[in-house]
Amino acid sequence: MYLFLKSSKWFVIDKRFTLLLLILFPGFSFAQLDQVKSIEIQMEKHSNDRNYNVHVLKDNSIMLVTENDHATSSKYKRWTFSKYDTSFAVQWQKEMEIRFYYSAIKSYDNDNYFYILFKEKEAQKVTVVRIDYKSGDLESFDGVLPTKIEDINEFKVLSNMALIAGKINQRPVVMAFRFFDKKIQVLPALYDKNMQLNNININDQKNIVDIVVAENNKKKNKLGLKIKSYAYSGKLLQDVTLSAPKNKILQTGKISHTTANENEDFMIGNFADSRNEYTLGLYFAKMNNNEQQFIKYYDFAELKNFFNYLKPKNKIRTKERLQRRLAMGKQSNLRYKLLIHNIVQHNNEFILVAEAYYPEYKTNMYNSYGYGGYGMNQLYGYQNPFYNPSYLYNGLYNGNNINRNYRNDRILEGYKYSHAIVCSFNMNGDLLWDNCFPIGGDLLNKTLEELVKVAFEEDGKMILMYPHDDKMHTEVIKGGEVIAEKEKFDINKIQTDQRIRSSDIISMQHWYNNYFISWGFREMRRKNNDENFSSHKVFYLSKITYHVNNLASNKKETK
């Protein structure tokens, strides 16, 4: 049976009736999100939800990493690595004992191996586990960091060297961990209080590491992006500053390489007009032999579909205000925070996906005798909760007097997303088209992470999808057109012998072609032989696909 949306109501159509509609009305179209297959893994009674982590590998297989709750000894805990193919058949399963006080921090995969970085809590010892895709052979490499590192936010591997990035005394640092001799060195020219690590890019073609940092030296008026390139030996090869006019400050940058010319690099990111942390638009830059060829800027006001996430009346008012401002010779005042994904090269185009977001804070009041009752939220996955409260002493005024028994704590609760933008550029940096995927609603993510996943169809269509409230939210675009407007689907299936009492989608990823994978936890209610019901909790993996059949554009005219 298929579902389609009309006049904000759901209608159920039998497959035979659908075929009849297609014969009688060739222009009729429908879309469907289908669960192709789902597997369930029985959880132990006291199992912790965070013990299950799913990774989509480059050979289209799935790696399930499971931490056993029970220690094998006072020193070690057992971890299980299971590889599944596209039909969820187990290809191999391996186990390894990891020291009890180690936590899995980050993962990385390339064409041959899957890596996990483990770190001892509050200490400098680390272990990198390397797993061969085909054989499942496991190796571990132990090392000791030269000093304690705060907030590890990047972990990449180049050949037999791991790059571990974080902060020391609020300054960026990147350490190179060589597997063959277990030595760890700090890469030079990065430990600067005026720099902030942006991202690490592995260039396998040249066997080098490109590190993008944002410079913020207000005294010397040095603001913008630098690309520092390092050899496999750790030697600094190049230190390139992207040039930009004074009224444009480059904030972030993602590097993309082409196989056609290994000397050409492209960078796409966002810019501001001052030291403001909010973004005004996008830029596209080309580098050749580490020299900047050009850079082009696109204000959000230049994007045709940027405001499509707004309701029609708000959209019209916003555009009218913007037009009046531009007519007066002023710059647009559109300012957003933007999370930019890695650049995708598709059909000779550079596809950029980015989400507009804003941080959500909670103000808690407490007196000198006790805290106001804020509880830490536990998160799923390897990373610790993003918890970086800014303690501000505001003081509560009682008349003209400050009551010093009370304080305000402004605590970051998470991030809310308004919409995602999709833009396409050619190799000359020209904007070919743009589109918008509304998010909005009550979605609050505890961590700042890429939410929208993308699949490409052969005919140029793009399927955009993200999970929220146990639903999959979708939109289909083709260039600047919206082919299927935003819908939401419930993919939970009622089984013949058991029912889903509750379900929690932890995450989802694009898998391959037009297939996605989602995973999470379900509370199942099963009917026993004695006609009674029992409940149990399972971890599930679900393979889903979005069918687009005879789907024509339904884009509304924008004014």
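Taking Lys248 as the anchor, which aspartates and glutamates have their alpha carbon closer than 20 Å to its alpha carbon, excluding any fewer than eight residues away along the same chain?
The reachable aspartates and glutamates, counting only those whose Cα sits under 20 Å from Lys248, are Glu215, Asp273, Glu277, Glu291, Asp299, Glu302, Asp430.
Between their Cα atoms, which of Lys193/Lys453; Lys193/Lys362; Lys37/Lys471 are more than 26 Å away from each other? Let's see the in-between values first.
Values: Lys193/Lys453 35 Å; Lys193/Lys362 29 Å; Lys37/Lys471 17 Å.
Lys193/Lys453; Lys193/Lys362, as the Cα separations exceed 26 Å there.
Long-range amide H contacts for Leu432: which residues qualify at under 5 Å (H placed 1.01 Å from N, peptide plane, sequence gap of 5 or more or a different chain)?
Ser424, Phe425, Asn426
Taking a 18 Å limit on the Cα-Cα distance, which of the listed pairs Lys416/Lys446; Lys58/Lys134; Lys167/Lys206; Lys286/Lys337 fall beyond it?
Working: Lys416/Lys446 9 Å; Lys58/Lys134 12 Å; Lys167/Lys206 27 Å; Lys286/Lys337 24 Å.
From the list (Lys416/Lys446; Lys58/Lys134; Lys167/Lys206; Lys286/Lys337), the Cα-Cα distance tops 18 Å for Lys167/Lys206; Lys286/Lys337.
Using modelled backbone amide H atoms (1.01 Å from N, in-plane), which distant-in-sequence or interchain residues come within less than 5 Å of Asn199's amide H?
Val212
Could you order the peptides 461-470, 75-84 from most to least packed, using the average number of other C-beta atoms within 10 Å per residue?
Packing order, densest peptide first, comes out as 461-470, 75-84.
Residue by residue through region 253-262, what is 3J(HN,Hα) from phi via Karplus (6.51 cos²θ - 1.76 cosθ + 1.60, θ = phi - 60°)? Round to whole Hz and write x for glycine and proline.
Listing the rounded values in order: x, 10, 8, 10, 9, 10, 7, 5, 9, 6 Hz.
Which whole-Hz couplings ³J(HN,Hα) result when phi for each residue of region 175-190 is put into the Karplus expression 6.51 cos²θ - 1.76 cosθ + 1.60, θ = phi - 60°, listed in order with x for Gly and Pro?
These are the phi-based 3J(HN,Hα) values: 10, 9, 10, 7, 6, 6, 10, 6, 7, 10, 10, 8, 5, x, 6, 10 Hz.
Just to verify a number: FRET efficiency for Ser274 and His536, C-beta to C-beta distance, R0 = 56 Å, to 0.05? Present the calculation step by step, with values, prior to reporting the outcome.
Details: r = 57 Å, r/R0 = 1.01.
Approximately 0.50, to the nearest 0.05.
By per-residue mean of other Cβ atoms within 10 Å, what is the highest-first order of 135-148, 227-240? Don't skip to the answer; put the middle values down first.
Details: 135-148: 14.1, 227-240: 16.1.
Ranking, from highest mean packing down: 227-240, 135-148.
All of the numbers you see were taken from the coordinates with simple rules; none came from a lab. Computed from a predicted structure; not experimentally measured. Here the Cβ is made from the backbone with ideal geometry for all residues, glycine too, and neighbour counts use every protein chain on show.
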